[in-house]
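Note sheet for the following structure.
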Amino acid sequence: MQYTLFALEQELALVGHHPGPERLEQLIADEFVEHGSSGRIWTKAQLLEVMPRWPVVQREVSEFSAEALAENLALVRYRSLRMGQLSLRASVWKRQPRGWQIVFHQGTPVSPT
């Protein structure tokens, strides 16, 4: 489960390299909500509209973990370094008959110390 969810998180994070709206439609649940590190709240419809236009941005992931919350529900947590900004990330993934879908994501910026 951990390897699968890591790969799916990476696929969603490869901004500018998305396989297309059809794949995003498969990965993002209809009820999806994101509390972005910018403070903005995103829905699935909003992400499907803007993600294909985002520029290519690399990120480093560390301290990745995936924990089963229920038989078909998992919590993913990790640190992300993107364009010099460190953030804590958390996602909830739900296993559907056609595969895993992300239902919630939150990014929390980490202030430099």
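Given the options R79, R89, R53, which has the most mean-square fluctuation in a GNM of the chain, springs set between C-alpha atoms less than 10 angstrom apart?
Among R79, R89, R53, the largest GNM mean-square fluctuation belongs to R53.
Taking the Cα centre of the chain as origin, sum charge times position over the Cβ atoms of Lys and Arg (+1) and Asp and Glu (-1), and report the length of that vector in debye to the nearest 20.
200
Pairs of Cα atoms under 8 Å, at least six residues apart: use those to get the relative contact order of the chain, whole percent.
Relative contact order, the chain: 25 percent.
Please compute the Kirkwood hydrodynamic radius over the chain, one decimal place, Å, based on all pairs of different Cα atoms.
Computed over Cα pairs of the chain, the Kirkwood hydrodynamic radius comes out at 14.4 Å.
Would you mind checking which residues have amide H under 5 Å from V110's amide H? H placed 1.01 Å from N; only 5 or more apart, or other chain.
L86, S87, L88
How many percent of all Cα-Cα pairs in region 14-65 sit more than 15 Å apart?
56
Values quoted throughout were computed directly from the atomic coordinates according to the rules given, and no laboratory measurement underlies them. Keep in mind the model is a prediction, meaning the values are calculated, not measured. Cβ coordinates were reconstructed from backbone atoms using ideal geometry, including for glycine residues, and neighbour counts include every protein chain displayed.
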